[in-house]
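Report on the structure given below.
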Amino acid sequence: MDKNKPTVAVYKFSSCDGCQLSLLNMEDELLNLADAVDLAYFIEASRATKPGPYDIALVEGSVTTPHEVERIKEIRQEAKFLIALGTCATAGGVQALRNFADAGEYAKIVYDHPEYLNYLPTATPISEHVKVDLELWGCPVNKAQVIEVVVALLNNRKPNLPTYSVCLQCKRRGTICVLVDKGIPCLGPATIAGCGALCPASGRGCYGCFGPFRDANVPALTEALQKVERYPGETMRLYRGISGNAPLFVKAADAILSTGTDTRKETK
Amino acid sequence: MPNDHKPEIGSTIVIQKETFNAILSRLKEKGYETIGPRVKNDTLIYAPIEQMDDLPRGYITEQDAARFHLKHTGHSRYFDAIPGAQSWKQFLFPPRAELFALRKVNNLWEASTPETKTPSYAFIGVRACELAAIQIQDNIFMRSDFNDPIYRARRERVFILTVDCMYPAGTCFCVSMETGPRVKAGFDLNLTELEDVFLLTVGSEIARDLLKGIPFELASAFLLRNADQGLERAASQMGRKLDISNLPDLILNNLDHPHWQEVGARCLSCTNCTQVCPTCFCWDATDEMSLDGKETHRERVWDSCFNPGYSYQAGGNTRPTIRSRYRQWLSHKLGTWKQQNGTLGCVGCGRCITWCPAEIDLTKEIPMLQEEAR
Amino acid sequence: MSDVLQETFKELQKIPWFQELEKKHLEKLASVTALRHVRADEVLFHEGDKEDCLYIVLSGRIALEIFIPHRGKIRIYTVEPQDVFGWSSVTPVVHQRTAGATAVVDGLIACIDSEKLRKICEEDHDLGYMVMRRLANVVASRLLVTRLQLLDMFAHPESQNAK
Amino acid sequence: MVTQQIARPAAINTEHLLEPQWAEVTSITKEINDVSTYWLKFTDPAIQKAYTFEPGQFNMLYMPGFGESAISICSDSNDHSKIGHSVRFVGNVTNAIGRLKVGDVIGLRGPFGTYWPMKELEGKDVFISCGGIGLPPLRPAIYHILHNREKYGKVTLLYGARTPADLMYTNEFDDWRKANIDVQVTVDRGDSSWTGRVGVVPMWFYQFRFDSRKTAVLTCGPEIMIHFVIYEALARRIPLESIFVSMERNMKCGQGSCGHCQLGPYFICKDGPVFRFDAIQPFFNVEEF
């Protein structure tokens, strides 16, 4: 083992494993990566583990159980640089839908004996529990961004991550705006770029998995989206999606519900 | 009357529509990549076209603020569909372009530049406004004191076949910007589509050579009058208009106008207007570094003044609000551009209106600056 | 006029501050003014002292300092020739010196008895107006300096509250 | 209106966009805590020979993998053997430069931009007013005056920094004073060991007498300082046309092509950084412009 190689640990919290899989999916790059860093703890890839502390901790998933609350604190103590990986870790992910409902009700529907479950009423991002040094959004994360972050850390610089919306990436790849052209509701104008505009390029609206960009004008987007809703309440539901627990999107969905501009209510 | 002599530069000839296929073939024979409007995924894009059948015959586009609809009406004309989001700028000023790669050898950096052959494009169906936009970008990228090597190489090779606009769309205002609908100068070949025939006006020696042996007749006064009437009708049917008589002063004297705040509240800062604009030219350069830091690829990409990171410098942002970014865009486009290049930066193509999801319409915003008391 | 008064009168005359004054006004001012030689590191007054004089620097450099517990004395301003300090003694706010004054180098200063100055200004409003107008300028410029110092012009943007 | 430009920078690759020339770090001078001066020499002697610049111009320094940063040239324009850049370590690129050692190479493009109008200023009193990292772009102007001292009238340098430890080039001040340049230094705050002035740069105007008809003001520094220097200069009836300002924006291409550094009708990288004040006055007080 090269002593100079930074050690990397990969952890999983409540999540689908998709972000870890996208790390494994790197193929060519993974070999280079394994060359450049020491993958000391990566259960998904290898059962051989080395003890901490680690230089870089990649944490996938959100915090949903009392045990996870404790575990993330331990991980933080062992990690010099902690990266929250993917939308579960940065915003709570799809399981954060329970934050807007009664988790107990959900559990009753799904399980015969919900009393055996030990879970928290909310699913929360890593940053609500410990200090996070960098957040990488996306469901799943973009592997080029993961590599960029590792390269940046190895070379002592800040990573170059986009500051603009998905729209700019759409245009750079020649994708025609699905919102204007097809009337498909799209969160692209308020979502930070990073995915390479995957969904719009496949003729679908962006569902905001990379989360809002810093200056996203969400109220103005709500107005635009409500004009093209294909069913009542679609805009509200779009915000309450994968990144539904991201503060700007929470605010947007709440605003729709509270101001009565929720078209779903009107049609009831 | 078949003939093998070439039409004179400046002359207008008439050809049968199907003859146009021969012109496309000629262009391809001469090594041009023929690009034109095509229907793909129920929308209109610019893509390679092999023959006339690839053109959007029978289509029109309905355009309004935040609305674009490609519609098949079954008419028999090839060039009636007013262009969509894409413009020719993507071919001359590509959205991504690799600049060079570097590799560290010993203590030195060795450069290698990508060995890509500069494409020779033939643009088929460039509108008057679009030609004006290309000429505006020429002023940005090919100045006396600076030449963009990527742009220039492509621009010098391009063959431009323009088309007179007969049926403008709802967001068009080229008449106000004095760029259309009639194509004036700077084309190789200009095409005017009449019901049964194409009129072709020859603009360059290359076009003359291209037409050698193609059966043509000189256009009759009747047909020319027919074309004139079509263009007059088109000019009277512009979907939008804009009074530019007091530009750029109106904007530059009103930089603190409260209306900027109002429009800033509606603007998404999504960059769409700048990306579909055929004259917007902002770009950024980024490095992609290898894991060991010993290799890097430098790439040029489209950027936008609406990108929050665009005006970031040494830890601060010069334009931290959407209001200030919108004002930068519009005050440049319809204001300071004039001082930089002698013309305004807008050609009246209406793309920024059509493709703004928030329905921001500069032909409405400018009059607001005039009306609202300071 | 006594010799001392004569000398004071001559020194005051050099100050642009007073050049617009009529002779009788300048004489009045000279009568309430004493000249004082100061040596480097000499303390003119401490923070918290009772206020008694308005000063004008004729030569040298006077530092205004505030003592901050655990950080020591911080120089917040230096007064250069022809500049005024101790102006708050004429328009008392807290009746105590709000900063200390120390001579940085040897110099000469004019000390105007502030109580007497207020008195002659009360007696002669023409003189009072001139003095107060001048003081207003001093206060305004001092306020501007303070604002600019507060802005911390050299702070790096990222260390300030970013928008 | 704006000072004229040099048409063809020596270290500019016209065939490949943004591809730099390479220069070797020949020495490094630590100036203050977060600023060091990097002395560079082109690896290609022919370029070094052809390279000239005017006081006030800047180069784009390129760290492969990190990007480019616009850094003004702080060295003597008469010295053709090396080029100096005082770099403050604030971002990715400048921090990477901070890790360079003597013998390492760095990419360089330039020189770019307009310059201090040293020719026009001949016969005039020159009042240089700058703060912090605003001194480096003015140092070549000071060197130019030193070499041509007889051509200029009264020359004053007002230089301010936050604290005494933030003052740059202090070991040269005596040389400048010997050449009859009135060097005045101030800090925003000092401790008891600092015997110099305390106060902000614009305030010094209160202690100087101007012949406003023959005085030109050159200023560079934090934008807020520039604002107040200009207010004070204008208050002393120095005409707009006699005030020269060096502005800063995020320069990227250096050639007025990429758009980033725009200020109204100007590309700061090509129409600036040095402006005669009347050119930028209409945009000077427009917030966030």
### Message
So if I check each of A:I56, A:I109, A:I75, which one is under 27 Å from A:C195 (Cα atoms) and among the hydrophobic types (A, V, I, L, M, F, W, C)?
### Response
A:I56
### Query
If you go through the range B:67-81 one residue at a time, do you hit one that is within 14 Å of chain A (Cβ to nearest Cβ), without any contact (Cβ under 8 Å) to a residue 40 or more places away in the chain and loosely packed, with under 15 Cβ neighbours inside 10 Å?
yes
### Query
If only one of A:A197, A:A152 is among the hydrophobic types (A, V, I, L, M, F, W, C) and at positive phi, which one is it?
A:A197
### Query
Of the residues that sit in the range B:30-62 and are closer than 14 Å to B:A81 by Cα and among the β-branched types (V, I, T), which one is surrounded by the most Cβ atoms within 10 Å (Cβ to Cβ)?
B:T61
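Kindly indicate the residue of the range B:113-124 that is surrounded by fewer than 23 Cβ atoms within 10 Å (Cβ to Cβ) and either in contact with a Phe, Trp or Tyr (Cβ under 7 Å, 6 or more places away or on another chain) or on the phi > 0 side of the Ramachandran plot (or both) and also modelled with the lowest pLDDT among those meeting that condition.
Within the range B:113-124, the subset surrounded by fewer than 23 Cβ atoms within 10 Å (Cβ to Cβ) is B:113-121.
From what's left, either in contact with a Phe, Trp or Tyr (Cβ under 7 Å, 6 or more places away or on another chain) or on the phi > 0 side of the Ramachandran plot (or both): B:113, B:120-121.
Details: B:T113: 84, B:S120: 97, B:Y121: 98.
Among those that are surrounded by fewer than 23 Cβ atoms within 10 Å (Cβ to Cβ) and either in contact with a Phe, Trp or Tyr (Cβ under 7 Å, 6 or more places away or on another chain) or on the phi > 0 side of the Ramachandran plot (or both), it is B:T113.
Examine the range B:68-82 for a residue that is of a type outside the set (D, E) and on the phi > 0 side of the Ramachandran plot, and state whether such a residue exists. Step through it out loud before you land on a result.
At the first step, the residues of the range B:68-82 found to be of a type outside the set (D, E) are B:68-79, B:81-82.
Filter again for on the phi > 0 side of the Ramachandran plot, leaving B:74.
Yes.
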### Task
Could you pull out the residue among C:C121, C:C111 that is in a strand (DSSP E or B) and more than 24 Å from D:Q184 (Cβ to Cβ)?
C:C111
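Pick from D:T52, D:T26, D:T43: which is in contact with an Asp or Glu (Cβ under 7 Å, 6 or more places away or on another chain) and not assigned by TED's automatic domain parsing to the domain that holds D:H144?
On the way: D:T52 fails: in contact with an Asp or Glu (Cβ under 7 Å, 6 or more places away or on another chain); D:T26 fails: in contact with an Asp or Glu (Cβ under 7 Å, 6 or more places away or on another chain).
Exactly one of D:T52, D:T26, D:T43 is in contact with an Asp or Glu (Cβ under 7 Å, 6 or more places away or on another chain) and not assigned by TED's automatic domain parsing to the domain that holds D:H144, namely D:T43.
Given the residues C:H46, C:H95, C:H70, which is the only one that is farther than 21 Å from D:T186 by Cβ, of a type outside the set (K, R) and at pLDDT 90 or above?
Values: C:H95 fails: at pLDDT 90 or above; C:H70 fails: at pLDDT 90 or above.
It is C:H46.
In this structure, is B:P320 part of a loop (DSSP other than H, G, I, E, B), over 19 Å from D:G264 (Cβ atoms) and under 30 Å from the mean Cα position of the chain (by Cα)?
Working: part of a loop (DSSP other than H, G, I, E, B): yes; over 19 Å from D:G264 (Cβ atoms): no; under 30 Å from the mean Cα position of the chain (by Cα): yes.
So B:P320 fails the test.
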### Query
Out of the residues in the range B:307-344 that are surrounded by 22 or more Cβ atoms within 10 Å (Cβ to Cβ) and among the aromatic types (F, W, Y), which is nearest to A:R172 (Cα to Cα)?
B:Y310
### Query
Just checking, which of B:G264, B:G316 is among the small types (G, A, S) and more than 7 Å from every other protein chain (Cβ to nearest Cβ)?
B:G264
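Do you know which residues across the range D:206-240 are part of a helix (DSSP H, G or I) and at the interface with another protein chain (Cβ under 10 Å from one of its Cβ atoms)? Steps first, please.
Step one: of the range D:206-240, the residues part of a helix (DSSP H, G or I) are D:206-207, D:223-235, D:240.
D:Y206, D:Q207, D:E223, D:I224, D:M225, D:I226, D:H227, D:F228, D:Y231, D:E232, listed by residue number.
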### Those residues of the range C:10-29 which are within 16 Å of the chain's Cα centre (by Cα) and of a type in the set (A, V, I, L, M), in sequence order
C:L12, C:I15, C:L29
### Task
Identify all residues within the range C:137-162 that are at pLDDT 70 or above and either among the small types (G, A, S) or over 18 Å from the mean Cα position of the chain (by Cα) (or both); write none if there are none.
C:A140, C:S141, C:R147, C:L148, C:Q149, C:L150, C:L151, C:D152, C:M153, C:F154, C:A155, C:H156
### Task
Identify all residues within the range B:308-329 that are touching a strand residue (DSSP E or B) at 6+ places or on another chain (Cβ under 8 Å) and either more than 25 Å from D:F89 (Cβ to Cβ) or outside the structural domain of B:G264 (by TED's automatic domain parsing) (or both); write none if there are none.
B:Q328
### Query
Taking the range B:271-289 as the search range and keeping residues that are farther than 19 Å from D:H260 by Cβ and within 12 Å of chain A (Cβ to nearest Cβ), which one is farthest from the chain's Cα centre (by Cα)?
B:M289
### Message
As an exercise: evaluate A:E128 against (1) touching a strand residue (DSSP E or B) at 6+ places or on another chain (Cβ under 9 Å); (2) buried (at least 16 other Cβ atoms within 10 Å of the Cβ) and give the number of the one condition it does not meet.
### Response
(2)
### Task
For the range A:95-191, please list each of the helices (runs of 4 or more DSSP H) lying entirely inside it that holds at least 1 residues being without any contact (Cβ under 8 Å) to a residue 60 or more places away in the chain and within 9 Å of another protein chain (Cβ to nearest Cβ).
A:143-154, A:166-172, A:178-182
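So, in the range D:203-223, of the ones that are touching a helix residue (DSSP H, G or I) at 6+ places or on another chain (Cβ under 7 Å) and modelled with pLDDT under 90, which residue ends up surrounded by the fewest Cβ atoms within 10 Å (Cβ to Cβ)?
D:Y206
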#### Entry: Verdict on B:I23 being away from every other protein chain (no Cβ under 14 Å) and under 14 Å from B:L211 (Cβ atoms)
yes
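Okay, residues lined up against (1) over 13 Å from the mean Cα position of the chain (by Cα); (2) more than 25 Å from A:I192 (Cβ to Cβ); (3) modelled with pLDDT of 90 or more:
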residue	(1), (2), (3)
A:P6	yes, yes, yes
A:L30	yes, yes, no
A:Y41	yes, yes, no
A:A79	yes, no, yes
A:A101	yes, yes, no
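Return yes or no: is A:I83 touching a residue at least 24 places away in the same chain (Cβ under 8 Å) and either among the aliphatic types (A, V, I, L, M) or in contact with a strand residue (DSSP E or B) (Cβ under 6 Å, 6 or more places away or on another chain) (or both)? Before you say what the answer is, go through the steps one by one.
Numbers: touching a residue at least 24 places away in the same chain (Cβ under 8 Å): yes; either among the aliphatic types (A, V, I, L, M) or in contact with a strand residue (DSSP E or B) (Cβ under 6 Å, 6 or more places away or on another chain) (or both): yes.
Yes.
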### Message
Quick check on the range C:55-86: of everything there that is out of contact with any Ser or Thr (no Cβ under 8 Å at 6 or more places or on another chain) and not in a strand (DSSP E or B), which residue is nearest to the other protein chains (Cβ to nearest Cβ)?
### Response
C:E80
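One line per residue, one yes/no per condition, for (1) β-branched (V, I, T); (2) under 22 Å from D:C74 (Cβ atoms):
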site: D:L158; (1), (2): no, yes
site: D:V185; (1), (2): yes, yes
site: D:R189; (1), (2): no, no
site: D:S192; (1), (2): no, no
site: D:G199; (1), (2): no, no
site: D:T215; (1), (2): yes, no
site: D:E223; (1), (2): no, yes
site: D:Y231; (1), (2): no, no
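Taking the range B:345-374, which residues are among the hydrophobic types (A, V, I, L, M, F, W, C), in a loop (DSSP other than H, G, I, E, B) and surrounded by 23 or more Cβ atoms within 10 Å (Cβ to Cβ)? Spell out the reasoning first.
From the range B:345-374, those among the hydrophobic types (A, V, I, L, M, F, W, C) are B:346-347, B:349, B:352-353, B:355-356, B:358, B:360, B:362, B:366, B:368-369, B:373; that's our starting set.
Checking which are in a loop (DSSP other than H, G, I, E, B) leaves us with B:346-347, B:349, B:355-356, B:358, B:360, B:373.
Correct list: B:C346, B:V347, B:C349, B:W355, B:C356.
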### Query
Within the range D:263-289, how many residues are facing chain B (nearest Cβ under 7 Å), buried (at least 21 other Cβ atoms within 10 Å of the Cβ) and on the phi < 0 side of the Ramachandran plot?
1
### Task
Look at the range D:94-105 and say how many of its residues are over 19 Å from D:N33 (Cβ atoms) and at the interface with another protein chain (Cβ under 9 Å from one of its Cβ atoms).
3
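The values are calculated or read from the model by the stated rules, or taken from the named source; none is laboratory data. Keep in mind that what you see is a predicted model, and the values were worked out from it rather than measured. Every residue, glycine among them, receives a Cβ derived from its backbone with ideal geometry; neighbour counts consider all protein chains shown.
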